[in-house]
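Only the coordinates and a few stated rules stand behind these numbers; no lab work does. It should be emphasised that the depicted structure is a prediction, and the values quoted were computed from it without experimental measurement. All Cβ positions, even for glycine, are placed from backbone atoms using ideal geometry, and neighbour counts span all protein chains on display.
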Amino acid sequence: MAIQRPAGEFDFSYAYDMATIRRRWQWLALLLFLALLYTLPLYANQSIVSLVNRIGIAIIAVQGLNLLTGYTGQISIGQAAFMTVGGYISALLVNDLGWSFLAAMPAAALGAGLVGLFFGLPSLRVKGFYLTMATLAAQFIIPWFTRQAFPEILNGAQGLNVQVPVIFGIEFNEPSKYVYLTLTTLIITTIIAHNISRSRLGRAFVAIRDNDLAAELLGVNLFKYKLQAFFLAAVYAGIAGSLMAHHLRHINSETFNLVDSILLLGMLVVGGLGTNMGAIFGAIVVELIIEGATLSAPFFVELFPATAAGMIQALRPLFFGFTLMLFLIFEPRGLAHRWQLLKAAWRLRPFSH
Amino acid sequence: MNWQLLPQFAITGILAGGPIALIALGLVLIFKSSYIFNFAQGQLLLLGALITWYFSIELELNLWLAIFLAVVVMALVGFAIERLALRPMTGQPLLSIILMTLGLSQALQGLALLIFGGSQRNFPQIFSAGDPYKILTPLIHEGKNITLILKQNLVWSFIVAIIGVIIIGGIFQYTRTGLAMRATSEDHELAQSTGLRIRRIFGISWGMAGVVATVGGVLLATSSGLDLSLSLVVLAAFPAVLLGGLDSIPGTMVGGLMIGLSQGLVKVSKVAIVRNSAEIMPFVVLMIVLLIRPEGLFGQKRIERI
């Protein structure tokens, strides 16, 4: 993507050329935005803070999926399974071994990454649709493993109760506190994802996505980079899973299921594949739509009284499914593309192009 | 291993593979003509069964008439899906098409729950649940011959499924429409330039997939009851399709039966965790197939050209 710069702005040093934030007002806007986010619990009510928390965790998982699916082009419907791995590992480390959450989360990320490597192995031989099936296998085998294996440790289908994370003596025991944990993690993962995408690694990923045979001819080691993409995606999923497990304070094999995997993939498409803003936009919009489904349930109950009990379960997939389908038909490049168009239009005003 | 149980579980597994083969057939049908893998097949199955239920129980029609009407409705649903959801996706990358069918599956699942509600319902019995068939085998265990017990509805749904696979296979192999479908799957543009109306062919294959899904849904619902989790059964058919080969109709049968057999065989084990692995057995088979022979047993190996 050619970078559009306004007329009269020149790069006078390499550092300035590579800088993400170029102007003083951009720093100001960023700091204001962060200040707004961090002071949110002071004036917003519990349900909004809780929603922000959920969105933050979803963004982390989608960022990982973006590295794998958006940049490397390997379609995965197993992201939620790696969240399960991360959640379980971090829960076990904190509960049974008494680790601090600060140490348990990276360990969970690493563990999930290694499991992700294993399920990425078929990428050596197969691609496209076949690889999607391998990730689908992960989505079934991993939850089954947590249900059946080592019942004395993993507690079978019941799952585990997870302790509240304590860092430097502060207990993150309610959404208004937990949101700080999520936001701080999110900022770190965003910076890492952004820098991966514009480094050698990210360029190799894009080369594989655009034409894997050509990439291989140019000396990009396909297997190595595909496995790295799987590893990174699972690491992100592990972090998100660990955060979610400690937020919900409970985890079982159904906490992150196939529908969640589809949801994460849908968020990525709604936001825009292969863009760092896309992961953020998509997670926010889809979570808001699902929240809208929950809020509009009473209205639909009047229309379909037969389904009163399961209305929310019916509306969520319905709203999400139609949103995804409409985006695929009318804006396959996602909201990030719209955002680019909007920025370009703003820069060029009052001219149309 | 409880060896004396082996024949029983093996035969039950193979019989259970019949409906899996039929579901796999619906997937292969669409894949063969339009190169789309339909993740929404489970929801089509569910809708087919729910509509049959609606006609036969709510409207109190004759069961066979109800099935016929449901088949007609589902064929129309298939057409509609092709026209509204998949046609705009023509020429789009694989990811968009996969996501379209995934989105479709979510939308249809929500729609089914919204209209029909989520309660478990009794599906009319098609095949009598009466005396199971008993077969005496020459195998001897503890001085007695082992008797195989086959439930009637399992046997009959197996037979219906196999007949379905043979009919659809026949249509593909011996009719002009089938020939047109095979040509279309080979190369869309080439087929169109020889005068085939590929839009109509896509429509027909989606319609046929709707019909096959209804039959599969009715077979599954009559043996295991009808609720919204019916759509999940289809997930066992994905590995069957890959095992048999994505573009092979005889492959769906072999794949379906082998998946059923693998699920039956692990149940023989004395170790609890192996016994309980029946539900993920299809996916273990899937991983093995992907690592050893990705094109499946009967599928065509595609050679990549730049």
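Between B:Asn276 and A:Leu348, with labels modelled 7 Å along Cα→Cβ, what's the label distance in nm to one decimal, could you check?
Calculated label separation equals 6.1 nm.
Rounded to two decimals, what ratio of Rg to Rh does the protein assembly as shown give with C-alpha atoms and a Kirkwood Rh?
0.99
By count of other Cβ within 10 Å, fewest leading, how are A:Met18, A:Met267, B:Met181 ordered?
A:Met18, B:Met181, A:Met267
What fraction of the Cα pairs in segment A:308-353, stated in percent, has a spacing above 13 angstrom?
Beyond 13 Å sits 67 percent of the P(r) for segment A:308-353.
Rank-order A:293-299, A:245-251 by packing density, defined as the average count of other C-beta atoms within 10 Å over each peptide's residues, highest first.
Ranking, from highest mean packing down: A:245-251, A:293-299.
So how many Å³ per residue does the convex hull of the Cα atoms of chain B work out to?
About 152 Å³ per residue, rounded to a whole number.
Which whole-number percentage describes the relative contact order of segment B:1-100, with Cα contacts under 8 Å and a sequence gap of 6 or more?
With pairs under 8 Å counted, the relative contact order is 20 percent.
Using a simple charge model, +1 on the beta-carbon of Lys and Arg, -1 on the beta-carbon of Asp and Glu, nothing else, what dipole does segment A:47-280 show about its Cα centre, in debye to the nearest 20?
Here segment A:47-280 has a charge dipole of around 520 debye.
How much FRET efficiency would the formula 1/(1 + (r/R0)^6) give for A:Lys177 and B:Arg176, where r is the Cβ-Cβ distance and R0 is 51 Å, rounded to 0.05?
In this case the efficiency is close to 0.15.
May I ask you to compute the full-extension gain from A:Thr190 to A:Leu288, defined as 0.36 nm times their residue separation minus their alpha-carbon distance, rounded to one decimal in nm?
33.2 nm
May I ask you to evaluate 6.51 cos²θ - 1.76 cosθ + 1.60, the Karplus curve with θ = phi - 60°, for each residue of segment A:76-81 and list the ³J(HN,Hα) values in order in whole Hz, giving x for glycine and proline?
10, 10, x, 4, 5, 5
Rank the residues A:Trp99, B:Trp206, A:Trp27 as a footprinting-exposure proxy: fewest other Cβ atoms within 10 Å of their Cβ go first.
Lowest to highest Cβ neighbour count: A:Trp27, A:Trp99, B:Trp206.
Could you give me D for segment A:47-280, from Stokes-Einstein at 20 °C and 1.002 mPa s, where the hydrodynamic radius is the Kirkwood radius over C-alpha pairs? Units µm² s⁻¹, please.
Result for D is 122 µm²/s.
Can you tell me the length gained on complete extension of the stretch B:Leu148 to B:Gln192, counting 0.36 nm per residue apart and subtracting the Cα distance?
So the extension gain works out to 10.6 nm.
Could you compute the FRET efficiency for A:Tyr14 and B:Ser229, with r as their C-beta to C-beta distance and R0 at 51 Å, rounded to 0.05?
0.30
In whole Hz, what ³J(HN,Hα) sequence does segment B:149-154 give by Karplus (6.51, -1.76, 1.60; θ = phi - 60°), x for Gly and Pro?
In residue order, the calculated couplings are 10, 10, 5, 4, 5, 5 Hz.
Farthest toward the dipole's positive end in segment A:1-102, which of A:Leu34, A:Gln63, A:Trp99, given Cβ charges of +1 (Lys, Arg) and -1 (Asp, Glu) about the Cα centre?
A:Leu34
Averaged over A:118-131, how many beta carbons belonging to a partner chain fall within 10 Å of each residue's beta carbon?
Across A:118-131, the average partner-chain Cβ count within 10 Å equals 4.
Calculated FRET efficiency, B:Leu84 and A:Leu124, Cβ-Cβ r, R0 41 Å, to nearest 0.05?
0.60
Please compute the contact order of segment A:44-153 in relative form: average sequence separation of alpha-carbon pairs under 8 Å and at least six residues apart, divided by the residue count, as a percent.
Once divided by the residue count of segment A:44-153, the mean separation gives 30 percent.
For A:Trp339, B:Trp53, what ranking results if the residue with the fewest other Cβ atoms within 10 Å of its Cβ goes first?
Result, fewest neighbours first: A:Trp339, B:Trp53.
Taking 0.36 nm per residue of sequence separation and subtracting the Cα-Cα distance, how much length would be gained by fully extending the chain between A:Asn155 and A:Phe223, in nm to one decimal?
Result: 20.8 nm gained on full extension.
Could you give each residue of segment B:24-32 its phi-based ³J(HN,Hα) in whole Hz, using Karplus coefficients 6.51, -1.76, 1.60 with θ = phi - 60°, and x for Gly or Pro?
Values, residue by residue: 4, 4, x, 5, 5, 3, 5, 5, 5 Hz.
Once you wrap a convex hull around the alpha carbon atoms of segment A:5-71, what is its projected area averaged over all directions, in nm²?
For the Cα atoms of segment A:5-71, the hull's average projected area reads 7.0 nm².
Express the relative contact order of chain A as a whole percentage, based on alpha carbon pairs under 8 Å and six or more residues apart in sequence.
27
Roughly how many nanometres apart are two label points built 7 Å out from the Cα toward the Cβ at A:Glu254 and A:Gln26?
So the label points at A:Glu254 and A:Gln26 sit 4.7 nm apart.
Calculate the spin-label point distance for B:Ile135 paired with A:Ile312, positioning each point 7 Å from the Cα along the beta-carbon direction, and give it in nanometres.
Inter-label distance under the simple model: 5.0 nm.
Return the long-range amide H neighbours of A:His250 (sequence gap of 5 or more, or a different chain), with a cut-off of under 5 Å between placed amide H atoms.
Long-range HN contacts for A:His250: A:Val162.
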